[in-house]
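Novice: One structure coming up, written as structure tokens, with questions to follow.
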Amino acid sequence: GLGAALESQTFDNFNLTYYIAGNSSEALAYMKNLFSDAKDYALNFDGSGNILMIGGTGLGKTHLSSAIAKTVIGKGYTVVYESAQKIFDIFEDKKFGRDSEADTSKFSDADLLIIDDLGTENVTQFTVSVLYNLINERCNNCKGMIINTNLTPDELRNIYKPRIFSRLLGEFKFMPFHGKDIRLQKLGE
């Protein structure tokens, strides 16, 4: 699910100078540590371990997720990278007979599953159930996951209910991103 991002979004071209704009030196130091943690996760990936990247739009969550995916693939692991909406669409297509050939097993079988943009989907009882089952199954089988979202922890708790939020708190390393939208900064260059 990565396409061109696999080549264009790497650790080598993740530019930390965008985190200086309007931020304190502590914010830059924090983002340097977050970058280091993400790189360590990728370099030491053994098939397990979960990350929850939280933050506003354009702060580098997708870029770092792509960089992790590229590194993990380079180590010989399988990675599935999809938006939350696309994942739920595939499960709905299979469940409701729109596409009986839809491959939902890839989300369980991959060594690393990366769910991008959680919270942009139309949240229903079905999507919440699919998300819970994916998280639960992968955690029980010690398979790695990365989830990216623009939602705050409070929004996650309210939208996805305590059962999922508890799993996220207990099974995922929180990586809150801070700063100003990098895409907007690039437009101003």
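Novice: Say we join alpha carbon atoms closer than 10 Å with springs in a Gaussian network model of the chain; which of Ser65, Ser105, Ser83 then has the biggest fluctuation?
Specialist: Among Ser65, Ser105, Ser83, the largest GNM mean-square fluctuation belongs to Ser105.
Novice: Net charge near Met53: determine it from the other residues with C-beta under 10 Å of the C-beta of Met53, scoring Lys and Arg +1 and Asp and Glu -1.
Specialist: +1
Novice: Can you list which of the DSSP-assigned H helices in the chain have a Cα extent of 30 Å or more along the long axis and an average Kyte-Doolittle score of at least 1.0?
Specialist: Helix filter hits for the chain: none.
Novice: Summing -39500 (n - 2.57) over the DSSP H runs of n ≥ 4 in the chain and dividing by its residue number, what mean residue ellipticity at 222 nm do you reach, to the nearest 500 deg cm²/dmol?
Specialist: Value at 222 nm, helices only: -15500 deg cm²/dmol.
Novice: Shifting gears a bit: Asn133 to Asn44: FRET efficiency via 1/(1 + (r/R0)^6), r the Cβ-Cβ distance, R0 22 Å, to the nearest 0.05?
Specialist: Working from the Cβ atoms, E equals 0.20.
Novice: If I compute solvent accessible area with a 1.4 Å probe over the protein chains, what percent of it on segment 54-182 is carbon and sulfur?
Specialist: Solvent-exposed carbon and sulfur of segment 54-182 make up 48 percent of the total.
Novice: Could you tell me the calculated FRET efficiency between Asn140 and Glu26, based on Cβ-Cβ distance and R0 = 45 angstrom, to the nearest 0.05?
Specialist: The computed FRET efficiency comes out at 0.75.
Novice: Then there's this: Would you mind getting me the FRET efficiency between Thr10 and Asn33? Use the beta-carbon distance for r and R0 = 25 Å, nearest 0.05.
Specialist: 0.85
Novice: Now a separate question. Please provide three numbers in whole Å: the alpha-carbon extents of segment 114-178 along the principal axes, with the largest listed first.
Specialist: 30, 28, 20
Novice: Another question, then. Using the Cα centre as the reference, give the magnitude of the dipole from point charges on the C-beta atoms of segment 116-189 (Lys, Arg: +1; Asp, Glu: -1; all else neutral), rounded to the nearest 20 debye.
Specialist: Around 220 debye, computed over segment 116-189.
Novice: Another question about this same structure. How do Glu171, Glu82 stack up against each other in accessible area, from largest to smallest, with a 1.4 angstrom probe?
Specialist: Final ranking, largest accessible area leading: Glu171, Glu82.
Novice: I want to verify a result. In a Gaussian network model of the chain, Cα cutoff 10 Å, which of these has the top mean-square fluctuation: Tyr19, Tyr81, Tyr30?
Specialist: So, out of Tyr19, Tyr81, Tyr30, the one fluctuating most is Tyr30.
Novice: Now for a separate question. Taking the Cα centre of segment 109-148 as origin, sum charge times position over the Cβ atoms of Lys and Arg (+1) and Asp and Glu (-1), and report the length of that vector in debye to the nearest 20.
Specialist: It comes to approximately 140 debye.
Novice: Continuing with the same structure: Can you list which of the chymotrypsin sites (Phe, Trp or Tyr not before Pro) found in segment 91-140 are DSSP loop residues with at most 10 other C-beta atoms within 10 Å?
Specialist: Sparse-neighbourhood loop chymotrypsin sites (Phe, Trp or Tyr not before Pro): Phe96.
Novice: Now for a separate question. Would you calculate the convex hull of the Cα atoms in segment 65-166 and tell me its volume per residue in Å³?
Specialist: So the per-residue hull volume is 100 Å³.
The values are calculated or read from the model by the stated rules, or taken from the named source; none is laboratory data. This structure is a prediction, so every number in the text was calculated from the model and none was measured. Cβ atoms come from the backbone with ideal geometry, glycine included; neighbour counts cover every protein chain shown. Heavy atoms of the whole protein, side chains included, go into the accessibility calculation; ligands, DNA and RNA do not. Shrake-Rupley method; radii C 1.70, N 1.55, O 1.52, S 1.80 Å.
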